[in-house]
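This report concerns only the one structure given below.
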Amino acid sequence: MRRYFITGLLIWIPLSITFMVLAWIVGTLDQIIDWLPNGLQPRHLLGFNIPGAGVVVALLLVLSTGLIAANVIGQKLVRFWEGLLSRIPVVKSLYNGVKQVSDTLFSSSGQAFRKALLVRYPHQDSWTIAFLTGKPGGDAANHLEGEYVSVYVPTTPNPTSGFFLMMAKADVIELDMSVDEALKYIISMGVVAPPARNGTSPILLNQ
């Protein structure tokens, strides 16, 4: 009975968590429907709400925004909007910071979160998985002797929180592991290990 119960848990726990996360995402996006005029909302047109309609509206909003911003007029509008936000003290710092991070993460030529690494943390006798985010910049780079890299060390089981570290490039090992595999390894607290690569071994980070 114990074995059957554990087998059932292993099936239902990931299904339940996946369903709850998807339900939260859909429920959050469905709130976008409230932005529409009352005459265009499904509950006024059809007499009832349509679950997931906010997801469709969000996708259409993102696609239409990208389509508009891709032409000359849209680029001028974007520059005007960013110039307007840059005149608001608190909003300026928040918007510019978020924009720089998003531009770096979603850039096709960027290296942020493209490589999984093995680093010594929190002391010399222990190792953990980290992600390459770039190279140190600003005045911090002037105080570092030698070649350094910037890494993000996520926490377990919630990888959205973690620590930003600047480490010597020679002390960082690049793993033959995809970012998705590394995230699964971290979230599962080491239970779900990535498959072994035959005939491969960790190599020093080489950009």
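What the table below lists for this structure:
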{"read-out": "Filtered trypsin sites (Lys or Arg not before Pro), the range 34-140: DSSP coil and at most 15 other beta carbons within 10 Å", "value": "R87, R114"}
{"read-out": "Options P159, A193, I17, ranked by Cα towards positive dipole end of the chain, top entry (Cβ charges)", "value": "I17"}
{"read-out": "Net charge dipole size for the chain [Lys, Arg +1 and Asp, Glu -1 on Cβ; Debye, nearest 20]", "value": "380 debye"}
{"read-out": "Percent carbon-and-sulfur accessible area, the chain, ignoring ligands, DNA and RNA, probe 1.4 Å", "value": "67 percent"}
{"read-out": "Per-pair calculated FRET efficiency, R0 = 25 Å: M20 and V55 via Cβ, rounded to 0.05", "value": "0.95"}
{"read-out": "Within straight-line cross-link reach of K115, aspartates and glutamates at Cα separation under 14 Å, skipping those fewer than 8 residues along the same chain", "value": "E174, D176, D180, E181"}
{"read-out": "Extended-chain gain in nm, criterion 0.36 nm per residue less alpha-carbon gap, V78 and Q31", "value": "14.4 nm"}
{"read-out": "Sequence of T28, T133 from largest to smallest accessible area, 1.4 Å probe", "value": "T28, T133"}
{"read-out": "Heavy-atom accessible area ranking, 1.4 Å probe, most first, across L46, L67, L144", "value": "L67, L46, L144"}
{"read-out": "Of K92/K169; K99/K169; K92/K135, those spanning more than 31 Å from alpha-carbon to alpha-carbon", "value": "K92/K169"}
{"read-out": "Sequence-distant residues sharing a close amide H with K115 (under 5 Å, placed H)", "value": "L132"}
{"read-out": "FRET efficiency, D125 to D180 (Cβ-Cβ, R0 41 Å, nearest 0.05)", "value": "0.90"}
{"read-out": "Distance (nanometres) between label positions extended 7 Å along Cα→Cβ at F48 and N142", "value": "6.7 nm"}
{"read-out": "Cα gyration tensor shape of the chain, rounded if a/c is under 1.5, else prolate or oblate by comparing a/b with b/c", "value": "oblate"}
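The values are calculated or read from the model by the stated rules, or taken from the named source; none is laboratory data. Just so you know, these numbers come straight off a predicted model, no measurement behind them. Neighbour counts are summed over all protein chains in view; Cβ atoms, including those assigned to glycine, are modelled from backbone coordinates with ideal geometry. Just so you know, the surface numbers come from the protein's heavy atoms only, side chains and all, with ligands and any DNA or RNA stripped out. Shrake-Rupley method; radii C 1.70, N 1.55, O 1.52, S 1.80 Å.
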